[in-house]
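The values are calculated or read from the model by the stated rules, or taken from the named source; none is laboratory data. Being a predicted model, the structure only gives us computed values, none of them experimental. Every residue, glycine as well, gets a Cβ built from its backbone with ideal geometry; the counts of neighbours run over all protein chains shown.
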Amino acid sequence: MRFIPRAIESTVRSAVRAFPAVVVTGPRRAGKTTLLRRLFPRASYVLLEDPDTRARARADPRGLLEEVRLPALFDEIQNAPELFAYIRTRIDERPSRVGQWLFTGSQEAPLMHGVTESMAGRAAVLHLLPLSLEETDRVGLLSGGYPEALARPKARSLWFSSYIQTYLERDVRAIISVRDLATFRRFLALVASRHGQILNRTDLAAPLGVSVPTVSEWLHVLEITGQIILAPPYFENFGKRLVKSPKIYLMDAGLACHLLGITTQAELNRSPFRGALFEGFVASEILKRQVNQGRRKEIYHFRDQQGLKVDFLFPAAKGGLWMVECKASKTVQPAMAKPLQSLRRSMAARAPVRAAVVHEKSTTGPPIRALAPGVEALDAATFVRALSGKGARQQSARIAGSA
Ligand SMILES: Nc1ncnc2c1ncn2[C@@H]1O[C@H](COP(=O)(O)OP(=O)(O)O)[C@@H](O)[C@H]1O
Ligand SMILES: [Mg+2]
């Protein structure tokens, strides 16, 4: 597959102009190494997943660092976090030299810990997720966004199986000592079966015969390795009691389909998970847009005791708030706008709100944009373009005016 330019590139370029070090974290095989090697072809390259290099980094960190010509890319730095303390010393000798140290890592939290401890103010931390719809229209529910799953659709199932295997053996095992990887594998499948639901830890623990604290620990592993999305409830004091647990999704729709045994479009169309898969897909696109701009991941769901539900709320790039309802359908109806209109009313004037029903793209008939007063209908691709500030602007101004 030809190289697909990444939406995060300009953010990486600004980061290397401003900081001595740049860290790119994100799930395994999302494209971190490819991105940095392509942007910085002349940087030297140290792969810390290689056992010999890793041993060297532990035994003689100074020696290793002195040999490396700068700028340098240290790939999979989570294998040698002790290097940070030495790199910090080197940075502090010449703090004005920016863009010298590049890192990738596939675990967010342990790495971030090392970075905040040793590299505070010296490193920019960016997050790379699999490909988004903004980057290639090949991204979809069945394929997800991993470049390799997109490159060979026929070998997709095999690719996901081996991805899971490597993920368990490398990432999971590096963080926790799971005696029984088979149980963790079952846990992953169980999480997939809860895709789009309110997280219930007890409910996950029981079928596996593990404790609730173990489930919490395992969820944490999935979270710091970029495999799940937890969308907490949106809190603003509306004077109503709100549901407190997050909603859970697998980050990659393709991996979710694989774990759910959905391999063809026909199976997807009749799957009871279709709605949840579409919803999770929209959530991951929202997060991709946020992290590609160097912002933090931030997405909420809304559900109150009166039964008002809105799929997602998240901050708009230029201030204000997006409210989104997801419909795995090519047909939209004004009634679908009701929850958005109700929530909007109850939040009156607190923040400028842009509300949309996000739906599947229809190939027939003109797209409907103005669904109801103050609510747009956007197909997934148009929605993603709207997030990045491209297109759909004019229309929204008109809708806002009529609301
Ligand atoms: N932007 C891209 N366009 C096309 N293929 C890509 C792109 N980024 C990564 N790939 C492919 O995906 C695979 C995984 O990428 P890699 O950079 O090794 O991921 P990571 O370092 O995040 O584990 C590689 O086979 C690579 O060729
Ligand atoms: Mg890599």
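Observations, loosely collected:
- Summed over segment 271-289, the residues that are over 17 Å from GLY261 (Cβ atoms) and touching a His at 6+ places or on another chain (Cβ under 6 Å) give a count of 0.
- Inclusion of VAL125 among residues that are crowded, with 19+ Cβ neighbours inside 10 Å and without any contact (Cβ under 8 Å) to a residue 12 or more places away in the chain is not warranted.
- Lone unmet requirement of (1) in a helix (DSSP H, G or I); (2) polar (S, T, N, Q); (3) buried (at least 17 other Cβ atoms within 10 Å of the Cβ) for THR34: (3)
- Single match in VAL46, VAL22, VAL16 (criterion: part of a helix (DSSP H, G or I) and either within 15 Å of ligand 2 (Cβ to nearest atom) or assigned by TED's automatic domain parsing to the domain that holds GLU67 (or both)): VAL16
- Search result, residues across segment 95-109 that are over 13 Å from LEU126 (Cα atoms), assigned to a loop (DSSP other than H, G, I, E, B) and either touching a residue at least 60 places away in the same chain (Cβ under 8 Å) or not assigned by TED's automatic domain parsing to the domain that holds ARG54 (or both): PRO95, ARG97, VAL98, GLY99, GLN100
- Only one entry of ARG295, ARG344, ARG369, ARG289 meets the criterion of being closer than 24 Å to LEU250 by Cβ and without any contact (Cβ under 8 Å) to a residue 40 or more places away in the chain, and that entry is ARG295.
- Filtering segment 285-330 to residues that are more than 15 Å from ASP379 (Cα to Cα), in contact with a helix residue (DSSP H, G or I) (Cβ under 7 Å, 6 or more places away or on another chain) and buried (at least 19 other Cβ atoms within 10 Å of the Cβ) leaves ARG289, ASN292, ILE299, PHE302, VAL310, ASP311, PHE312, PHE314.
- Answer from PHE74, PHE84 - the residue that is away from ligand 2 (no atom under 14 Å from the Cβ), under 26 Å from the mean Cα position of the chain (by Cα) and surrounded by 15 or more Cβ atoms within 10 Å (Cβ to Cβ): PHE84
- For SER162, the conditions (1) within 16 Å of ligand 2 (Cβ to nearest atom); (2) within 30 Å of LYS327 (Cα to Cα) all hold with the exception of (2).
- Residue in segment 201-222 that is surrounded by 15 or more Cβ atoms within 10 Å (Cβ to Cβ), among the charged types (D, E, K, R), outside any loop (DSSP other than H, G, I, E, B) and in contact with a helix residue (DSSP H, G or I) (Cβ under 6 Å, 6 or more places away or on another chain) present: yes
- Helices (runs of 4 or more DSSP H) fully within segment 114-200 that include at least 2 residues being assigned by TED's automatic domain parsing to the domain that holds ASN269 and at pLDDT below 95: 181-193.
- Only a single item in (1) within 16 Å of ligand 1 (Cβ to nearest atom); (2) modelled with pLDDT under 95 is not met by ARG58, and it is number (1).
- Subset of segment 359-388 that is assigned to a loop (DSSP other than H, G, I, E, B) and within 14 Å of GLY140 (Cβ to Cβ) - its residue that is modelled with the lowest pLDDT: LYS361
- Number of the exception - GLY99 against (1) within 16 Å of ligand 1 (Cβ to nearest atom); (2) at positive phi: (1)
- Every pair of residues 6+ apart whose Cβ atoms lie under 6 Å, when the first sits in segment 55-66 and is at negative phi while the second is in a loop (DSSP other than H, G, I, E, B): ALA57/ALA80
- Residue check, PRO41 more than 16 Å from ligand 1 (Cβ to nearest atom) and outside the structural domain of MET251 (by TED's automatic domain parsing): no
- ARG56 satisfies every condition listed in (1) buried (at least 17 other Cβ atoms within 10 Å of the Cβ); (2) outside any loop (DSSP other than H, G, I, E, B); (3) touching a strand residue (DSSP E or B) at 6+ places or on another chain (Cβ under 9 Å) except (3).
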